[in-house]
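Each reported figure results from applying straightforward, stated rules to the coordinates on display, with no laboratory input. This one's a predicted model, so the numbers in the text were calculated from it and none came from an experiment. No Cβ is skipped: glycine too gets one built from the backbone with ideal geometry, and neighbour counts run over all protein chains shown.
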Amino acid sequence: MPIPNPGPDEVRLRIKAFALNRAEALFRQGHYIIQPQFPSKLGYEASGVIEAVGPGVDESLIGKVFNTIPNFSFSSYGVYGEVAVVPVSSLGTYPDHLTPEQGASIWMQYLTAYGALVHIANVARDDFVMLPAASSSTAIAAMEVVKAEGGTAIGLTRAAKKKADLLSLGYDHVIVSADEDVVKRATEITDGRGARIIFDPVLGSGIEVLAQTTAYKGIYFAYGLLDQRPTPFPVWPTMSKALTLRGWAFPELFRDAEALKKAKDYIFKHLSEGTLKPTVGKVFALDQIAEAHRFMDSNDQIGKIVVKIE
């Protein structure tokens with residue numbers, strides 16, 4: 001395709017790396033919040049160097065390194081490719097010690113985790129937090145945020161082969177749902193208190209079990225729908241535990257300028273200190289993009305899947 005020129009309030013990035021997200025797989029499959037209008041772009045997160053700016057944009061940005069904050073719609077923008085035009089408002093920065101692959105693996109996962117756990121739930125020392133889909137990049141990011149705030153992170157995975165790797169990443173406990181009684185193990189780990197926070201991207205029938213692991217007046221965040229089957233409402237746990245069920249999506253932060261600034265400052269500070277460190281699970285070349293998506297569909301990854309542009 002021809003190299004696109006940036007329009008007003010846009011820049012063109014020469015991409016160094018871009019990351020894959022579940023949102024993009026759902027969009028590809030027709031299960032996302034928005035539907036594609038063909039020909040459609042794809043991709044939220046990338047790192048690269050600005051090589052051109054549109055009218056009204058500071059020309060001193062040319063030659064500088066940025067990454068993208070996913071505050072745009074696939075109906076207008078996308079970062080899969082060697083170059084991408086994005087709004088200047090979507091530009092983010094990351095610490096110099098991170099690689100381009102790590103730089104492309106920041107905002108989606110950490111904004112999602114920070115917004116729910118810190119901005120809303122005020123996760124604190126002695127809190128137990130249950131993290132389903134523990135090998136996903138967002139769950140790993142959430143684990144790091146929980147640990148940074150002094151809480152206890154409990155990972156939940158279906159794959160026993162991932163348990164050792166997840167513990168080595170920093171989870172305090174990992175429950176293998178295929179082999180263990182989730183409610184019993186959660187009760188043991190929390191000394192009967194239950195988890196104050198559930199951070200769930202899966203939903204489906206699993207919500208009934210997870211709701212039973214919560215503490216009294218706990219909060220259950222639903223931030224994804226990896227299980228496309230119907231999600232029942234957990235009536236009895238919700239009533240008996242005075243449980244709050246809360247839908248969450250990180251664009252909620254974009255409606256509050258002060259909250260968004262706090263989120264960006266928090267994430268950059270902890271990235272700089274090394275408290276947060278993006279986990280890159282596997283790197284593909286651009287001509288392997290279909291294979292990269294198939295790998296994401298396999299659920300075998302631990303951390304972010306990234307495409308590196310040579």
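Let's see if you can work this out: charge +1 on each Lys and Arg Cβ, -1 on each Asp and Glu Cβ, no other charges. What is the dipole magnitude of the chain about its Cα centre, in debye to the nearest 20? Before the final figure, lay out the partial values.
On the way: 31 positive and 34 negative charges, 87 e Å.
The calculation lands at about 420 debye.
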Other-chain or far-sequence residues with amide H under 5 Å of Leu156's (modelled H): Leu131, Ala133, Ala134, Ile175
Dipole of segment 113-251 [Lys/Arg +1, Asp/Glu -1 at C-beta], most positive-end residue of Thr138, Thr244, Gly170: Thr244
Residue order, fewest to most surrounding Cβ atoms within 10 angstrom, among Trp236, Trp107: Trp236, Trp107
Rounded to 5, the percent of DSSP beta bridges in the chain classed as antiparallel: 45
Vicinal HN-Hα couplings computed from phi for segment 241-257 (Karplus, 6.51 cos²θ - 1.76 cosθ + 1.60; Hz; Gly/Pro x): 9, 6, 7, 9, 9, 10, x, 9, 9, 4, x, 4, 5, 5, 8, 9, 4
Selection from Thr187, Thr157, Pro232 lying farthest towards where the dipole of segment 113-251 points positive, charges on Cβ: Pro232
Listed residues His173, His270, His97, most fluctuating in the chain (Gaussian network, C-alpha, under 10 Å): His97
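How high is the relative contact order of segment 113-251, in percent, with contacts defined as C-alpha pairs under 8 Å that are six or more residues apart?
20
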Segment 170-179 - phi-based ³J(HN,Hα) in whole Hz, Karplus 6.51/-1.76/1.60, Gly and Pro as x: x, 4, 6, 9, 10, 9, 9, 5, 6, 10
